[in-house]
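The values are calculated or read from the model by the stated rules, or taken from the named source; none is laboratory data. Given the structure is predicted, the values throughout are model-derived calculations rather than measurements. Heads up, the Cβs are rebuilt from the backbone with ideal geometry, glycines too, and the neighbour counts pull from every protein chain shown. Calculation scope for accessible area: heavy atoms of the full protein, side chains included, ligands and nucleic acids excluded. Shrake-Rupley method; radii C 1.70, N 1.55, O 1.52, S 1.80 Å.
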Amino acid sequence: MPRIAYLTHPDCALHDVGPWHPESPKRWQAIDAALRAAPWFGQLLSVTAPLATLEQLRRAHTDAHIESVRNATPPSGVAWLDPDTGLNPFSWQAALAASGAVVRAVDAVMAGEAQRAVCNVRPPGHHAEADLAMGFCLFNNVAIGVLHALHAHPLQRVALVDFDVHHGNGSEDILRNKPRVLLCSSFRHPFYPYSGSQAHAGFIPAPLPQGADGIQFRAAVEQLFLPALEAFQPQLVFISAGFDAHRDDPLGGLNLVEADYAWITRELCALADRHAQGRVVSVLEGGYDLGALGRCAVAHVEAMRHPENPG
Ligand SMILES: [Zn+2]
């Protein structure tokens, strides 16, 4: 059975911009508690994330952006970069831990410490562009991981599949025109951030209408993503794992269920088993129903453990 690493950092639960905000520390706690309650939790390789270095952040972000986030971090209270995206005194540290987890996950799967890795991190990242924080995101954790993988390891082809209900505009911005990267992104459209519907070299979008269910989602993945991924033969597969397309999510407006997340996870792990020595790095993005988050995270890891199971 593939060994799976679980990466997180307690500071990811300290970033808190108010009890009304959907991107709350309870999300981190819901996933952490659900995984710890699973009978196989003890078989995971638990890793406390290191903090990302400036060098690692600079591969994805401008110095001006990094400085603007650092300078916005308030000594007390909450500071806002836009009406959605805030920081409290712990946010800088949490953001570095979130990005650092993905970097460490890459190194873990490349060194063979684990075959796959799951990063329970927040603030999320996929809306953060090279020079812009937005959509609850400060630094683009997964893009920092992708660029670390290409810089620090001898990889020619890396794939990123983003199944968050929102288009990962930041990942598209940062990874655009990187010939060694294939980005596949499914998202509700038109919907925040109202971008992403145009395919281009290295970017395959799967826009889904409001209310789309698992049948529509799976059809899009089967028709658009899987043939392209198979042809690309990635040597490492990243997942931007947002669970806000779940039918219980208060923001998403789509109708996926746990079995749909298990299905795409199995497909991507099987792809990785064929081409990438099984190497998969999954990074939490959105997902705002606490019960669904925990159940989806468990289904996601179980599918990583048993990609051969039907369903
Ligand atoms: Zn989202």
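Specify which of the listed residues (ILE264, ILE239) is closer than 28 Å to ALA152 by Cβ and assigned to a helix (DSSP H, G or I). Don't jump to the end; show me each part of the working.
Details: ILE239 fails: assigned to a helix (DSSP H, G or I).
One residue alone meets the criteria, ILE264.
Considering only the stretch 267-311, how many residues are more than 16 Å from the ligand (Cβ to nearest atom), outside any helix (DSSP H, G or I) and at pLDDT 95 or above? Outline the logic, then answer.
In the first step, residues of the stretch 267-311 are kept if they are more than 16 Å from the ligand (Cβ to nearest atom); the result is 267-281, 291, 294-295, 298-299, 301-311.
Filter once more, so that each one left must be outside any helix (DSSP H, G or I): 276-281, 306-311.
Now restrict to residues that are at pLDDT 95 or above: 276-281.
Going through the stretch 267-311 one residue at a time, the tally reaches 6.
I'm trying to understand the selection: among the residues of the stretch 92-141, which are more than 16 Å from the ligand (Cβ to nearest atom) and touching a Pro at 6+ places or on another chain (Cβ under 7 Å)?
ALA94, ALA95, GLY100, ARG104, GLN115, ARG116, listed by residue number.
Residue-wise test of (1) surrounded by fewer than 24 Cβ atoms within 10 Å (Cβ to Cβ); (2) more than 13 Å from the chain's Cα centre (by Cα); (3) farther than 30 Å from PRO19 by Cβ; (4) in contact (Cβ under 8 Å) with a residue 12 or more places away in the chain.
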{"site": "ALA270", "(1), (2), (3), (4)": "yes, yes, yes, yes"}
{"site": "GLU285", "(1), (2), (3), (4)": "no, no, no, yes"}
{"site": "LEU290", "(1), (2), (3), (4)": "yes, yes, no, yes"}
{"site": "ARG295", "(1), (2), (3), (4)": "yes, yes, no, yes"}
{"site": "VAL298", "(1), (2), (3), (4)": "yes, yes, no, yes"}
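Applying the selection to the stretch 66-110, what residues are open to solvent by less than 50 Å² (accessible area, probe 1.4 Å), over 22 Å from TRP20 (Cβ atoms), in contact with a strand residue (DSSP E or B) (Cβ under 7 Å, 6 or more places away or on another chain) and of a type outside the set (Gly, Ala, Ser)?
Residues satisfying the conditions are VAL102, VAL106, VAL109.
Any residue in the stretch 220-243 that is in contact with a helix residue (DSSP H, G or I) (Cβ under 8 Å, 6 or more places away or on another chain), among the small types (Gly, Ala, Ser) and within 13 Å of the ligand (Cβ to nearest atom)?
Within the stretch 220-243, one or more residues are in contact with a helix residue (DSSP H, G or I) (Cβ under 8 Å, 6 or more places away or on another chain), among the small types (Gly, Ala, Ser) and within 13 Å of the ligand (Cβ to nearest atom).
Out of ALA133, ALA128, report the one residue that is touching a residue at least 12 places away in the same chain (Cβ under 8 Å), within 18 Å of ALA72 (Cβ to Cβ) and open to solvent by 10 Å² or more (accessible area, probe 1.4 Å).
Numbers: ALA128 fails: open to solvent by 10 Å² or more (accessible area, probe 1.4 Å).
The unique qualifying residue is ALA133.
Going through the stretch 32-65 one residue at a time, which ones are surrounded by 12 or more Cβ atoms within 10 Å (Cβ to Cβ) and charged (D, E, K, R)?
Scanning the stretch 32-65 gives ASP32, ARG36, ARG58, ARG59.
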